[in-house]
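Here's the structure we're looking at; comments come further down.
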Amino acid sequence: MEADFRLTSELHHDVLVINTSGYVNNEGGEKIAQEFDKHFEKGVKKVIINLEKSKVVNSIGISFLIEIIDKLNEEDGKLIFTNLESAIEKMLTIMGLFNYAGKEATVDSALKTFDIKTG
Amino acid sequence: MDENIKLKMMLPKIPDIELVAIEGMDRMARHMGISEEKISEAHVLVTEAVINAFEHSGQKNPLVQVEFTMTQEKLTIFVRDFGKGFKPEDIEKPDINKKLGSSHKRGWGLKLMESMSDDFKVDSNEKGTKITIIKNLQ
């Protein structure tokens, strides 16, 4: 079980991709939110959060992601989750996040929904 | 096979201690040949139960008791804190529509445990809170 949380981010045109690894707890959630804020302040409104390497998340970590959705909603932005493990997808569904955020199988398919050509 | 295995532990409040409980449960599950999908769902239940117990125990140096009982058919998760207790009926059910735009975005633990389990019971009084969760494994 990988506890240490890490993230990387990259910009594909105007789309921010945040890739996480490790446990998305309160600290992990906060780090995602801080990374998002850095780019949001510069006008980025399209965001992909790739949870492929995060196999455990908790609801406190997710509460930071709700903050991101909140900020994007106010600016007509959009968040898409990718590479969700089935239990995490179920968790986000129960919390109602997919009423306000998207989900895609991969980062590439999420980029396509933002009209970004890949590969 | 009607094998029944148990694991009991007492967790101190240190960062990410819930992962220790998950590790223990994973080892039991591998021994019993339980599917990854079911165990991933159990991860959510254990994580939420343990962090909820620490958050709401109201103690300075809380301890949380965790017990797993696993057969090939089902997993019973028992989580107990020794805090001041709470009235489950007083806890407002979280709603994403209300959380958006509000400063309080937390409070999802009970809803997740209830929704992702096959049976869920809370027994709380001024001596602490016991949560019993059943997860069918087949």
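None of the figures in this text is laboratory data; all of them are computed from the coordinates on show. This structure is a prediction, so every number in the text was calculated from the model and none was measured. Glycine also receives a Cβ, built like all others from the backbone with ideal geometry; neighbour counts cover every protein chain displayed.
Would you mind telling me the antiparallel percentage of the DSSP bridges in chain A, rounded to 5?
So the antiparallel bridges in chain A amount to around 30 percent.
By how many degrees, 0 to 90 and rounded to 10, does the Cα axis of helix B:18-32 deviate from the longest principal axis of chain B?
Tilt of helix B:18-32: around 30 degrees.
Report the net charge of residues surrounding A:Glu67, where surrounding means a beta-carbon distance below 10 angstrom and charges are Lys +1, Arg +1, Asp -1, Glu -1.
Working: positive: A:Lys71, B:Lys99, B:Lys105; negative: A:Glu30, A:Asp37, A:Asp70.
With Lys, Arg at +1 and Asp, Glu at -1, the net is 0.
Pull up the DSSP beta bridges for the protein assembly as shown and report the antiparallel fraction as a percent, rounded to 5.
Numbers: 37 of 52 bridges.
Approximately 70 percent, going by the DSSP bridge assignments.
Would you work out the relative contact order for chain B, in percent, from Cα pairs under 8 angstrom that are 6 or more residues apart? Write out the running numbers ahead of the final one.
Working: 239 pairs, mean separation 38.9, N = 138.
For chain B, the relative contact order is 28 percent.
Could you tell me the distance between the Cα centroids of region B:59-138 and region A:46-86, to the nearest Å?
First find each Cα centre; the distance between them is then 23 Å.
Expressed as a rounded percentage, what relative contact order does region A:11-60 have, with Cα pairs under 8 Å and six or more residues apart?
62
Filter the cross-link list B:Lys6/B:Lys38; A:Lys71/B:Lys135; A:Lys38/B:Lys38; A:Lys55/B:Lys84; A:Lys31/A:Lys55 down to pairs whose alpha-carbon distance in this structure exceeds 27 Å.
From the list (B:Lys6/B:Lys38; A:Lys71/B:Lys135; A:Lys38/B:Lys38; A:Lys55/B:Lys84; A:Lys31/A:Lys55), the Cα-Cα distance tops 27 Å for A:Lys71/B:Lys135; A:Lys38/B:Lys38; A:Lys55/B:Lys84.
For chain A, calculate the relative contact order in percent as a whole number, restricting contacts to Cα pairs under 8 Å that are 6 or more residues apart.
24
Using a Gaussian network for chain B with springs between C-alpha atoms less than 10 Å apart, which of these wobbles most: B:Glu18, B:Glu126, B:Glu48?
Of the options given, B:Glu126 has the highest mean-square fluctuation.
Would you please calculate the Kirkwood hydrodynamic radius of region A:6-113 over all C-alpha pairs and express it in Å, rounded to one decimal?
For region A:6-113, the Kirkwood estimate is 13.4 Å.
If I require 15 Å or longer along the helix axis, counting alpha carbons, and a Kyte-Doolittle average no lower than -1.0, what helices from chain A are left? Use full DSSP H segments. Walk me through the intermediate numbers first.
Values: long enough: A:26-40 (20 Å, -1.39); A:59-74 (22 Å, 0.81).
Correct list, ordered by number: A:59-74.
Please identify the trypsin sites (Lys or Arg not before Pro) of region B:92-136 that satisfy two criteria: DSSP loop assignment and at most 14 other Cβ atoms within 10 Å. Which are they?
Sparse-neighbourhood loop trypsin sites (Lys or Arg not before Pro): B:Lys127.
Placing one identical point scatterer on every Cα of the protein assembly as shown and ignoring solvent, what is log10 I(q)/I(0) from the Debye formula at q = 0.15, 0.16 Å⁻¹?
Per q value, in the given order, log10 I(q)/I(0) is -1.07, -1.18.
Inside 10 Å of the C-beta atoms of A:26-34, what's the mean count of C-beta atoms belonging to other chains?
Working: counts 3, 2, 0, 1, 0, 0, 0, 0, 0.
Whole-number average of other-chain Cβ neighbours for A:26-34 is 1.
Could you tally the net charge around A:Asn26, taking each other residue with its Cβ under 11 Å from the Cβ of A:Asn26, Lys/Arg +1 and Asp/Glu -1?
-2
Note down, for region B:1-46, the three equivalent ellipsoid semi-axes (square root of 5 times each alpha carbon gyration tensor eigenvalue), biggest first, whole angstrom. Walk me through the numbers before you get to the answer.
On the way: eigenvalues 87, 36, 10 Å².
In descending order the semi-axes read 21, 13, 7 Å.
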